[in-house]
Amino acid sequence: MIIDQEISRKMDALREHLPTEQSLLLPLLHEMQAKAGWISVEAIKEAAAYLKLPPARVQEVVSFYTMYNRKPVGQKHVQVCTNVACFLRGADKLVEGLEKRLGIHCGQTTADGKYTLNEVECLAACGTAPVMQINDDYYENLSDSVLKDIMDKLDRELSHGPS
Amino acid sequence: MVQVEKLLTQHNDVEGSHTIDVYRSLGGYKALEKALAMTPESIVDEVKKSNLRGRGGAGFPTGMKWSFMPKAPTFPDGRPKPKYLVCNADEGEPGTFKDRLLMTKHPHMLIEGMIVAAHAIGASRGFIYIRGEFVFETKRVEDAIVEARKMGLLGTKVSGTDWSFDLVVYRGAGAYICGEETALLNSLEGKRGEPRLKPPFPAMVGAFGMPTCVNNVETFCAVPTIINDGAAKFASVGTERSGGTRLFCVSGEIEKPGVYELPINVNLNDLIAHCGGVLGGKKLKAVIPGGASAPMLSAAETDVAMDFDSLAKAGTMAGSGGVIVISEDTCIVEVAARLLKFYEHESCGQCSQCREGSHWLARMFHRIEIGQGTEADLNAIAGICSNMAGQTICAFSDAVTGPALSSVRKFRHEFEEHVRLKRCPCKPEGHVPKHDHHASATL
């Protein structure tokens, strides 16, 4: 079970502001993913039971939105924007560099489960392009050297815990 | 030189501008006080007189949109129907990043604008729909709502009046289409973000079936200055049909990218010069003047004012204010292929013209870019586009045709060269295209 007391409490607080049970679905899935890392078929059934919705209602929502991971992701989910503004500022090279460094292609997770790499569409930070998002955080004005520093730091964090 | 007139972002650099104390010390929430003493009709009139037009993309006159809201709607059994106010903060049009700035630096300006708007249309609830990736911005706005509630500016009996209004933040989950207002409403209801057929318009049947008004972040943020300093002052900046300043988001190959608040009718050449010119002193090739969906302008077409009407006359659109600058060294075919890949990914799939059309176009442009395109591909593009534009539930399909048609029409020689050489002339000979654009799967 993913939905615990804390998630339930958050949903209760939101209920005061949202007129229907179904409107809790997106926030609930966000909370479930924050805890479990991804949305499994079991998670879909659990969300459906919690909101008294047919599981298909939940499934069709999960598959519609790109932020819901339908398979497990690494501890660090690296998402590089390659849309036009970032592309014009060299995003492709960054992706290439990351693929080389991590030894995986976009859409894949490293064997040790530390990193998942993905290309994403516009993150709405084009003025500081190129940009990427790792888990909840934005990293902007990227260059090869800035990227290297970020990744070195994450490597250290993943092997020793946060500094 | 451009005239720098700031009405929204003059306090960008003030430390703590996002907190209620600093916001109030700079005159914040005075407009709310003033608005609560005004009748709803006079607020709507003031906004009409300001010539404020929606900053999300469509440029619809804001005061008029508010006036479409029914005065006292009722259910069939006579009970009063609640009215809702929604802020579209699903900033996702490629090239646009102003709402992020506003929510980061001035969340209370947004909240104040929303409370004034809610009073004007008689709304009892408000929803701020923020794109899911904006985790930091979401927290900022949520914290500001808590502050405002503590001060009695939100909740039961707003500022000691008999009227109650509260706000909640709703996070999106990664879908460009949710920036379309009816898709946003479906998403807010916990559904797939698929646009709705109109009519009925949201003013009649909106969020949760109730009369609803949806406005963009920047639109709401313009409301306090209009109420404080009067519609005339706002209208005095800009044109007769489009008042005020606009937050232009300048990106791409430009020396000083960023958000620039300037009169809405600033000349595009002046705007580019104001941002330091093309990156590295290169020559300009093209500009996308209003976010990805706006048809490109060639370098010969940039002597144009940036207001809605002037850009429409120039065959493009002011859209969301995202100005993407492209230099002479960049391959237009590759830029267009990127954009079409985006649309292919983001089409919601409801309408076959859009679902299939965006897919075909993305494949064709990619094929041409990597040297596998034919003359027949080039000639088919216009036909596909004519089967998409105006044929679907929402304007997404039309948006796809913006970059597709403008790039081929204005830079046809570049496309023809790709076909003739069977490779991208901007890449070194023997260059092997790394990705098939379908290879990079998303989760």
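Nothing in this text is a laboratory measurement; each read-out follows from the coordinates by a stated rule. What you are looking at is a predicted structure, and each value in this text was computed from that prediction instead of being measured. Cβ atoms come from the backbone with ideal geometry, glycine included; neighbour counts cover every protein chain shown.
What to note about this one:
- Label-to-label distance, nm, for residues given as B:Leu197 and B:Arg355 (7 Å Cα→Cβ offset): 1.6 nm
- Per-residue 3J(HN,Hα) values for the range A:115-129, derived from phi via the Karplus relation 6.51 cos²θ - 1.76 cosθ + 1.60 with θ = phi - 60°, read 10, 10, 10, 8, 8, 10, 7, 2, 9, 6, 9, 5, x, 10, 5 Hz in sequence order (x marks Gly and Pro).
- Residue order, fewest to most surrounding Cβ atoms within 10 angstrom, among B:Lys81, B:Lys191: B:Lys81, B:Lys191
- 10 Å Cβ neighbours from other chains, averaged over peptide A:22-31: 5
- D_trans [Stokes-Einstein, Kirkwood Rh over alpha-carbon pairs] for chain B, 20 °C, 1.002 mPa s, µm² s⁻¹: 94 µm²/s
- Cα-based values for the range B:242-292, radius of gyration first and Dmax second, are 10.8, 34 Å.
- Projected onto their three principal axes, the Cα atoms of the range B:81-134 cover extents of 37, 20, 15 Å, largest first.
- Quarter of Cα convex hull surface for the range B:285-443, i.e. mean projection, nm²: 9.6 nm²
- Distance violations [Cα-Cα > 18 Å] among B:Lys283/B:Lys313; B:Lys6/B:Lys105; B:Lys34/B:Lys157; B:Lys49/B:Lys313; B:Lys48/B:Lys83; B:Lys285/B:Lys410: B:Lys283/B:Lys313; B:Lys49/B:Lys313; B:Lys48/B:Lys83
- Diffusion of the range B:1-143 by Stokes-Einstein, at 10 °C in a medium of 1.306 mPa s and with Rh set to the Kirkwood radius over alpha-carbon pairs, works out to 95 µm²/s.
- Measuring nothing but how far apart in sequence close Cα pairs (under 8 Å, 6+ apart) lie, relative to its length, chain B scores a relative contact order of 16 percent.
- Against chain B, whose longest principal axis comes from its Cα atoms, helix B:217-229 is set at around 50 degrees.
- Mean sequence separation of contacting Cα pairs (under 8 Å, at least six apart), scaled by the length of chain A, corresponds to a relative contact order of 17 percent.
- Distance between the range B:156-170 and the range B:75-98 - C-alpha centres, whole angstrom: 16 Å
- Of every Cα-Cα pair in the range B:4-52, the percent that sits beyond 13 Å: 67 percent
- Computed from backbone phi with θ = phi - 60° and the Karplus coefficients 6.51, -1.76 and 1.60, the 3J(HN,Hα) list for the range B:288-297 is 9, x, x, x, 3, 6, 7, x, 5, 9 Hz; x is used for glycine and proline.
- Solution diffusion estimate, µm²/s, Stokes-Einstein, the range B:70-204, Kirkwood Rh from C-alpha pairs, 20 °C, viscosity 1.002 mPa s: 136 µm²/s
- All C-alpha pair distances within the protein assembly as shown, sorted into 10 Å bins from zero, spread as 3, 17, 27, 28, 18, 6, 1, 0 percent across the bins.
- Peptide B:67-77 is shielded by partner chain Cβ atoms: per residue, an average of 0 of them sit within 10 Å of its Cβ.
- For the range A:1-70, convex hull of alpha carbons as volume per residue, Å³: 77 Å³
- Peptide B:250-256, shielding by other chains (average Cβ, 10 Å cutoff): 4
- Approximate shape of the range B:258-368 as ellipsoid semi-axes (Cα gyration tensor, √5λ), whole Å, largest first: 27, 17, 11
- Centroid-to-centroid separation of the range A:86-112 and the range B:1-40 [C-alpha atoms, Å]: 42 Å
- Counted by Cβ distance under 10 Å from B:Ala337, the other residues give a net charge of +2, where Lys and Arg count +1 and Asp and Glu count -1.
- As a proxy for reagent exposure, A:Met151, B:Met109, B:Met38 were ordered by neighbouring Cβ count within 10 angstrom, fewest first; the result is B:Met38, A:Met151, B:Met109.
- Here the dipole of the protein assembly as shown is about 780 debye; that uses its Cα centre as origin and unit charges on the Cβ of Lys and Arg (positive) and Asp and Glu (negative).
- Amide H to amide H, with H built 1.01 Å from N, B:Ile128 comes under 5 Å of B:Cys87, B:Val168, B:Val169, B:Tyr170, counting only residues 5 or more places away or on other chains.
- Alpha-carbon Rg with Dmax, taken over the range A:48-155, Å: 15.7, 50
- Zero-based 5 Å bins, Cα pair distances in the range B:396-437, whole percents: 5, 20, 18, 21, 20, 12, 4, 1
- Stretch gain in nm, segment B:Glu15-B:His431, where the contour uses 0.36 nm per residue and the Cα spacing is subtracted: 144.8 nm
- Over the range B:47-92: Kirkwood hydrodynamic radius from C-alpha pairwise inverse distances, Å: 12.7 Å
- Considering only A:Asn118, A:Ala129, A:Leu158, and ranking their Cα positions along the charge dipole of the protein assembly as shown that arises from unit charges at the beta-carbon of Lys, Arg, Asp and Glu, the one farthest toward the positive end is A:Asn118.
- Charge sum, other residues only, whose C-beta stays under 12 Å from B:Arg355's C-beta, Lys/Arg counted +1 and Asp/Glu -1: -4
- Rounded to 10°, Cα long-axis angle of helix B:412-421 versus longest principal axis of chain B: 40 degrees
- Residue exposure sequence - B:Glu346, B:Glu255 - by fewest surrounding Cβ within 10 Å: B:Glu255, B:Glu346
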